[in-house]
Amino acid sequence: MSFLPPVRRDRIIPNLPQCYIKEAALQCKDTFHSKVKRACQDQRTGTVGFKISKIIVVGDLAVGKTCLINRFCKDTFDKNYKATIGVDFEMERFEVLGVPFSLQLWDTAGQERFKCIASTYYRGAQAIIIVFDVNDIASLDHTKQWLLDALKENDPNNVLLFLVGTKKDLSSAAQYMRVEQDAIKMAKEMKAEYWVVSSLTGENVNEFFFRVASLTFETCVLSELEKSESRRIGDVVRINSNSHNLYETKKNKANCCK
Ligand SMILES: Nc1nc2c(ncn2[C@@H]2O[C@H](COP(=O)(O)OP(=O)(O)OP(=O)(O)O)[C@@H](O)[C@H]2O)c(=O)[nH]1
Ligand SMILES: [Mg+2]
């Protein structure tokens, strides 16, 4: 019996959401991996449906991390700045290709004095979202250091990276175009997927989190399939080694009877 309420209708993901810009994307496929689609159809996704994936959100103070999470999770926007002290988190439940999938979004403090508390929560992330303000070029420069700090606690080969520019509503088209070139360059260097959003207007906020949920889900299913594949190979090796032992035993027995 499940005690969880059904997943909200607006959290159902039937198809792979597209990247923001192909030049700086984690992948440019139109659909989910065929192995993933098949596994979901055949209900062979193992423990994915019960797991909660941890996503950490890092970046300079006041770049808009809390507003971004609140716009997605609560559909609210607060124009007054209230610094995050340490960390905070929100849970979001999705249904991807018919499989329940949960994200735990960790909102961390950007203020230097809270950084050491926040960094103790970096470990075990499936994805890292590095945030900067498109109107503050220094915050883009600092993203490299935020990434380095977050990667100290995580395996760089097993984590998805997203670079997100916020407060697009405060930027003129010409100003934004100049920043975008630098941001795309930074995303490519980091091997991160680039997005730009506005938490005030809501522009791209849902699209971005749907993409995070989908790519994290795909990675989880593929790793689950890989694990069950290697378990099967392990079983074959065990059976073979046992039958070898049986043969040995028979041979010994045969010798005994001589
Ligand atoms: N115009 C505009 N203002 C924004 C946007 N996002 C955030 N802000 C404002 O920027 C300020 C800081 O936002 P927060 O979300 O609290 O920043 P933060 O990154 O969580 O800051 P720390 O918790 O200190 O690390 C607030 O005054 C927000 O109202 C946006 O998309 N547009
Ligand atoms: Mg905050």
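Here are a few things to note about the model shown:
- Selection count where residues are aliphatic (A, V, I, L, M), over 28 Å from CYS116 (Cβ atoms) and open to solvent by 30 Å² or more (accessible area, probe 1.4 Å), scope the stretch 42-84: 0
- Considering the conditions (1) in a helix (DSSP H, G or I); (2) surrounded by fewer than 16 Cβ atoms within 10 Å (Cβ to Cβ), ALA39 is excluded by exactly one of them, (2).
- Residue that is modelled with the highest pLDDT [pool: residues in the stretch 119-130 that are within 16 Å of ligand 2 (Cβ to nearest atom) and over 14 Å from the mean Cα position of the chain (by Cα)]: TYR121
- Per-region count, the stretch 169-195, residues within 16 Å of ligand 1 (Cβ to nearest atom) and buried (at least 22 other Cβ atoms within 10 Å of the Cβ): 2
Residue by residue, here is whether (1) within 28 Å of LEU16 (Cα to Cα); (2) more than 12 Å from ligand 2 (Cβ to nearest atom) holds:
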| position | (1), (2) |
| --- | --- |
| ASP75 | yes, yes |
| ASP78 | no, no |
| ALA83 | no, no |
| GLU92 | yes, yes |
| VAL99 | yes, yes |
| TRP106 | yes, no |
| GLN111 | no, no |
| ILE117 | no, yes |
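- Taken over the stretch 13-36, residues that are crowded, with 16+ Cβ neighbours inside 10 Å and either small (Gly, Ala, Ser) or not in a loop (DSSP other than H, G, I, E, B) (or both) amount to 4.
- Selection count, the stretch 42-74, where residues are within 14 Å of ligand 1 (Cβ to nearest atom) and either assigned to a loop (DSSP other than H, G, I, E, B) or free of Cβ contacts under 8 Å to residues at least 24 places away in the same chain (or both): 6
- The combined condition, being β-branched (Val, Ile, Thr), more than 15 Å from ligand 2 (Cβ to nearest atom) and open to solvent by 20 Å² or more (accessible area, probe 1.4 Å), is fulfilled by ILE137.
The values are calculated or read from the model by the stated rules, or taken from the named source; none is laboratory data. This structure is a prediction, so every number in the text was calculated from the model and none was measured. In this analysis, Cβ positions are derived from the backbone assuming ideal geometry, glycine residues included, and neighbour counts consider all displayed protein chains. Side chains included, ligands, DNA and RNA excluded: accessible areas come from the protein's heavy atoms. Shrake-Rupley method; radii C 1.70, N 1.55, O 1.52, S 1.80 Å.
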